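Asks: Dropping a structure here in structure tokens format, bear with me for questions.
All of the numbers you see were taken from the coordinates with simple rules; none came from a lab. Because the structure is predicted, anything quoted here is derived from the model rather than measured. Note that each Cβ is placed from the backbone with ideal geometry, even for glycine, and that neighbours are counted across all protein chains shown.
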């Protein structure tokens with residue numbers, strides 16, 4: 001597999017706040033890469049920086065997609081190149097119907113036949129959206145809105161899908177359903193960069209994972225290996241073990257990676 005996305009030593013600021021501190025990441029075509037961490041660690045900032053949503057950022061470093069630099073490009077250009085983004089909180093168009101929301105996802109496309117084919121593809125992933133096709137986005141349940149937000153992002157035919165906290169605010173049953181669909185979308189060829197607090201589920205479906213603390217990656221590795229690590233299980237998955245806080249800090253210092 002070839003490298004799809006390469007993030008090299010980026011630094012991002014919000015005014016005087018140092019949000020990302022030399023973050024580097026490489027993901028392969030066809031993979032799911034997870035970024036894990038607590039609230040405020042900077043996970044969402046990575047996705048927003050990739051998408052060009054933070055003005056004049058990154059301040060340092062570079063981002064390449066399919067071998068071409070994209071840092072400094074407008075968000076619209078980045079979408080045209082093949083990256084779609086599902087933001088935290090979904091942000092569907094509340095006063096547009098499900099059908100209109102999906103069409104907005106493909107606004108830059110001119111191939112009407114292709115748009116209809118992709119809408120049918122979205123309905124195959126999320127059958128409930130077909131039933132709600134004429135319903136306003138704002139009247140959907142939280143789970144349905146998350147499905148609509150993912151479906152809308154797929155309508156631009158991206159090569160890379162960025163998902164920001166898809167489990168946020170959903171019941172455990174809906175979270176499992178959403179993650180099963182994310183896995184199916186990936187199995188059908190979509191590369192996915194996933195930001196998620198639910199470490200257990202993210203490690204279950206991803207190929208590799210990066211753990212972010214205070215704007216730095218402190219761990220990276222194969223998701224299966226990280227899922228079995230006693231310290232990761234205790235401190236990120238809530239599985240009790242004999243690891244102590246001091247032991248965790250010693251372990252993390254040995255594992256630290258930038």
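Asks: Restricting to the chain, compute how many DSSP beta bridges are antiparallel as a %, nearest 5.
Replies: 55
Asks: What is segment 1-129 by shape, rounded, prolate or oblate, if you read a ≥ b ≥ c off the alpha carbon gyration tensor as root eigenvalues and call it rounded for a/c under 1.5, prolate for a/b larger than b/c, and oblate otherwise?
Replies: prolate
Asks: What angle, in degrees between 0 and 90 and rounded to the nearest 10, separates the Cα long axis of helix 172-187 from the longest principal axis of the Cα atoms of the chain?
Replies: 80
Asks: Relative to the present Cα-Cα distance, how much length would full extension add between residue 125 and residue 200 at 0.36 nm per residue of separation?
Replies: 24.7 nm
Asks: Further question: Please compute the length gained on full extension between residue 59 and residue 94, using 0.36 nm multiplied by the number of residues separating them and subtracting their Cα-Cα distance.
Replies: 9.2 nm
Asks: Ranked from highest to lowest mean number of other Cβ atoms within 10 Å per residue, what is the order of the peptides 164-177, 43-56?
Replies: 43-56, 164-177
Asks: Ok, one more. When only Cα pairs under 8 Å and 6 or more residues apart are kept, what is the percent relative contact order across the chain?
Replies: 24 percent.
Asks: Which shape class applies to segment 1-73: rounded if a/c is under 1.5, otherwise prolate when a/b exceeds b/c and oblate if not, where a ≥ b ≥ c are the square roots of the Cα gyration tensor eigenvalues?
Replies: Because a/c hits 1.5 or more and a/b fails to exceed b/c, segment 1-73 counts as oblate.
Asks: Which shape class, rounded, prolate or oblate, goes with segment 70-174 when its Cα gyration tensor gives a ≥ b ≥ c as root eigenvalues, a/c under 1.5 marks rounded, and past that a/b bigger than b/c marks prolate?
Replies: The shape class here is oblate.
Asks: Oh, and also: Once you keep just the Cα pairs under 8 angstrom separated by 6 or more residues, what percentage relative contact order results for segment 22-116?
Replies: 17
Asks: Between residue 14 and residue 168, what is 0.36 nm times their sequence separation minus the Cα-Cα distance? Round to one decimal in nm.
Replies: Contour length minus Cα-Cα distance gives 53.1 nm.
Asks: Here's a follow-up. Starting with the highest mean, order 63-70, 25-32 by the number of other Cβ atoms within 10 Å, averaged over the residues of each peptide.
Replies: Result, highest mean first: 25-32, 63-70.
Asks: Next question. Could you sort 127-135, 108-116, 5-13 so that the peptide with the highest average Cβ count within 10 Å comes first and the rest follow in order?
Replies: The packing order, highest mean first, is 5-13, 127-135, 108-116.
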